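Trainee: Let me give you the structure first, and then I'll get to my questions.
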């Protein structure tokens, strides 16, 4: 009778040690060794596990992934006159004052530098 009770107590203690060890981050092999030691030599292994085996292991976290699509991207270009880095949205270079996006004097539409006439109102483009 006492043999059955002691085996049940040892089995329960080994089961608890195994689950507790896995919960704290130990690998399955390590948890199994603690559990088998507890089942075979409960008086020795259970106190050893409670003293040395219950320290939580550092969990390896995957490297942080940066979502490039969600990050704001600042579009830049080089000023054709001075070569300074300017934002695409700038109308003129803050370094040299060069007009980056000329406008038609008649209709106010943006013109490309190589255009000779405004395609919107056919007014001659004035070089700047």
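The values are calculated or read from the model by the stated rules, or taken from the named source; none is laboratory data. Every value quoted in this text rests on a predicted model; they were computed, and no experiment measured them. For neighbour counting, all protein chains shown are included, and Cβ atoms are generated from backbone atoms with ideal geometry for every residue, glycine included.
Trainee: Can you work out which of the residues in segment 41-52 that are in a helix (DSSP H, G or I), more than 43 Å from the chain's Cα centre (by Cα) and free of Cβ contacts under 8 Å to residues at least 24 places away in the same chain is surrounded by the most Cβ atoms within 10 Å (Cβ to Cβ)?
Mentor: Checked segment 41-52; the qualifying residue surrounded by the most Cβ atoms within 10 Å (Cβ to Cβ) is 44.
Trainee: Between 97, 83, which is over 35 Å from the mean Cα position of the chain (by Cα), modelled with pLDDT of 85 or more, in the same structural domain as residue 112 (by TED's automatic domain parsing) and within 30 Å of residue 112 (Cα to Cα)?
Mentor: It is 97.
Trainee: Another one. Which ones in segment 91-112 are part of a loop (DSSP other than H, G, I, E, B) and touching a residue at least 24 places away in the same chain (Cβ under 8 Å)?
Mentor: The one that is part of a loop (DSSP other than H, G, I, E, B) and touching a residue at least 24 places away in the same chain (Cβ under 8 Å): 102.
Trainee: Still on this structure: Go over the candidates 10, 35 one by one and state the one that is under 22 Å from residue 56 (Cβ atoms), in a helix (DSSP H, G or I) and in contact with a helix residue (DSSP H, G or I) (Cβ under 8 Å, 6 or more places away or on another chain).
Mentor: Testing whether each residue is under 22 Å from residue 56 (Cβ atoms), in a helix (DSSP H, G or I) and in contact with a helix residue (DSSP H, G or I) (Cβ under 8 Å, 6 or more places away or on another chain) leaves just 35.
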